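Report on one structure; see the data block that follows.
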Amino acid sequence: MNIFFIASEATPLAKTGGLADVVGALPQAFGKPHKTTVIMPFYRDLIMKSGHEIHALNRSVTIWIDGHERVCPIHQIKINRVTYWLVEQDDLYNREGLYGQHGGGYADNLLRFVLFNRVALELAAAAEQPADILHCHDWQTGMIPLLLKTQYRHRPGLEQTRVIFSIHNLAYQGIFPADWNYRLGLPVEYFHADGYEFYGQINCMKAAIVAADAVNTVSQTYAQEILTPEYGCHLEGFLAQHKDKLTGITNGIDTDIWNPERDPFLAQNYSIRRPNKGKADCKQALQRHCGLDIRAEAPVLGIVSRLADQKGIDLIIPNIQPWLGAGCQMVVLGSGDPAYEKQLNHLAAIYSRHMYVCNDFDEPLAHQIYAGSDMLLMPSRFEPCGLSQMIAMHYGTLPVVRATGGLADTVTNYFQSRQAGTGFMFNEATPEALDKVLRQAVGLFREKPRVWSRLRNNAMRQDVSWTASARSYIMLYNRTRLKAL
Ligand code: ADP
């Protein structure tokens, strides 16, 4: 198949979260018979910094939008077997943040991404070999399915093309004022409640759901959860109307990048065969780096996360002082909500030998936390899939998670399955429930090192690679193509 991935971020070029990891890794996992091209915006300064060789393609796409003619040159990068096409438009994409700054989105985000969507469709239409599948990711590509079914319907090169839309996080739907409709030339015949209208506004996620040939989310539990009012973000009824085309496929992680045996950022590499010494060295290096007391017996609790309500940071904060008082240490890497950043930094300033906070986006430190911690905290209120818990398990760090979405699908709770456990789970989204399970986990860490080693072994042995998921996606593509015949 000739497959196009269209997305707003991809590792290793530009990343704000798990979406980038998925778009970076999944195409590489498809294997030889398929050709995959990733189309994304050219965030010039950021992408130049990644050090990859960029080729100007001597090719551009011209789009008339918002009263202007925009000529978008296309650049190319090759990473292993996958080709990246990067859409240049410096005034729109070469900015400080990918989507906005200081927690807010750019006011012209709809212009930025509808332009990107149109250029991507033009590139797919002009491809040497007709595009079989356009695989779109999240609201930033949400207009593509609808444009393909309307304005691009009879476009030569796209007649046989099918479109898949992946929801990586339903909480971000891409909602904008209706006056953009005419400025951007959107297919307004679909601007109604059964289309992409949402309380008088434009909703990119709805546009995708209504028009895509297949919709999937990134875990099976989340695919069920989003049909309920608790998790549906006001789209549960609308999703229910389209549930025949909704499936769930759990993400994997890129085990070339996330590999404790070869990870260049670690003080000491280690393998599943003998993890103890390597992990102990990584823990010591992490404690030193963070200015914490160097104590092998202190349980180190790691957090690598956006600091957003979704991630249950408010369940952690009230517990921090008691945990530190009980001899735990804590390392937090993440940025986001300024209120959470302030509270965490305040505590780290008071307990500087027991707690460290870094609000940067720091890839090496993330690797060091996954390796050097004993447990990873991820008490999410909702979690479409979650990659951090899978990375942690692969590094022998046991996740403490809330039983929701992909966390429920990928972690096996020790307290339910003593033999097969790979982490610890709780249900109620309360600080008390998190505290209870963490205290049990810390007790096990301190008193039953052999059980802990077994759990660590279970966690490291779990297959978190993309192999099975890539197979499921290829099956989904094939089913979608057959259905359309
Ligand atoms: P989400 O996509 O909701 O943010 P995921 O668990 O799916 O959460 O993916 C998060 C990814 O982003 C992981 O690869 C994690 O290591 C990484 N990450 C999150 N915050 C940071 C940070 N501050 N620095 C480095 N990596 C981070």
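Being in a helix (DSSP H, G or I) and not acidic (Asp, Glu) is the filter here, so list the residues in the range 306-323 that pass it. Working first, answer last.
Step one: list which residues in the range 306-323 are in a helix (DSSP H, G or I), which gives 309-311, 313-323.
Once the filter is applied, which keeps residues that are in a helix (DSSP H, G or I) and not acidic (Asp, Glu), the range 306-323 yields Gln310, Lys311, Ile313, Leu315, Ile316, Ile317, Pro318, Asn319, Ile320, Gln321, Pro322, Trp323.
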Legend entry - Search result, residues across the range 381-404 that are closer than 16 Å to Gly334 by Cβ, in contact with a strand residue (DSSP E or B) (Cβ under 9 Å, 6 or more places away or on another chain), touching a residue at least 60 places away in the same chain (Cβ under 8 Å) and within 8 Å of the ligand (Cβ to nearest atom): Glu383, Gly386, Ser388, Ile391
Inset, instruction - Go through the residues of the range 352-367 one by one and say whether even a single one is more than 28 Å from the chain's Cα centre (by Cα), crowded, with 17+ Cβ neighbours inside 10 Å and not hydrophobic (A, V, I, L, M, F, W, C). - result: yes
Inset, instruction - Could you pull out the residue among Tyr370, Tyr356, Tyr340 that is without any contact (Cβ under 8 Å) to a residue 60 or more places away in the chain and either charged (D, E, K, R) or within 16 Å of the ligand (Cβ to nearest atom) (or both)? - result: Tyr340
Legend entry - Lone qualifier among Ala131, Ala107 - being among the small types (Gly, Ala, Ser) and either assigned to a helix (DSSP H, G or I) or under 29 Å from Met475 (Cα atoms) (or both): Ala131
Inset, instruction - Go through the range 147-167 and count every residue that is surrounded by 21 or more Cβ atoms within 10 Å (Cβ to Cβ) and either within 16 Å of the ligand (Cβ to nearest atom) or of a type in the set (Asp, Glu) (or both). - result: 2
Inset, instruction - Within the range 320-344, work out how many residues are at pLDDT 95 or above and loosely packed, with under 15 Cβ neighbours inside 10 Å. - result: 7
Inset, instruction - From the list Tyr199, Tyr172, pick out the single residue that is hydroxyl-bearing (Ser, Thr, Tyr), under 26 Å from Leu407 (Cα atoms) and modelled with pLDDT of 95 or more. - result: Tyr172
Inset, instruction - Return yes or no: is Lys311 at pLDDT 95 or above and either within 12 Å of the ligand (Cβ to nearest atom) or surrounded by 17 or more Cβ atoms within 10 Å (Cβ to Cβ) (or both)? - result: yes
Inset, instruction - Determine whether the range 284-305 contains at least one residue that is within 16 Å of the ligand (Cβ to nearest atom), among the basic types (Lys, Arg) and assigned to a helix (DSSP H, G or I). - result: no
Legend entry - Filter result (crowded, with 16+ Cβ neighbours inside 10 Å, more than 15 Å from Trp180 (Cβ to Cβ) and of a type outside the set (A, V, I, L, M)) within the range 84-112: Tyr84, Trp85, Glu88, Gln89, Tyr93, Asn94, Arg95, Tyr99
Legend entry - Among (1) in contact (Cβ under 8 Å) with a residue 40 or more places away in the chain; (2) in a strand (DSSP E or B) - the single one Val332 does not satisfy: (1)
Legend entry - Odd one out for Leu407, checked against (1) out of contact with any helix residue (DSSP H, G or I) (no Cβ under 9 Å at 6 or more places or on another chain); (2) without any contact (Cβ under 8 Å) to a residue 40 or more places away in the chain: (1)
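The values are calculated or read from the model by the stated rules, or taken from the named source; none is laboratory data. The structure presented is a predicted model; accordingly, all values stated were derived computationally and were not measured. Reconstructed Cβ throughout: ideal geometry from the backbone, glycine too, with neighbour counts over all protein chains shown.
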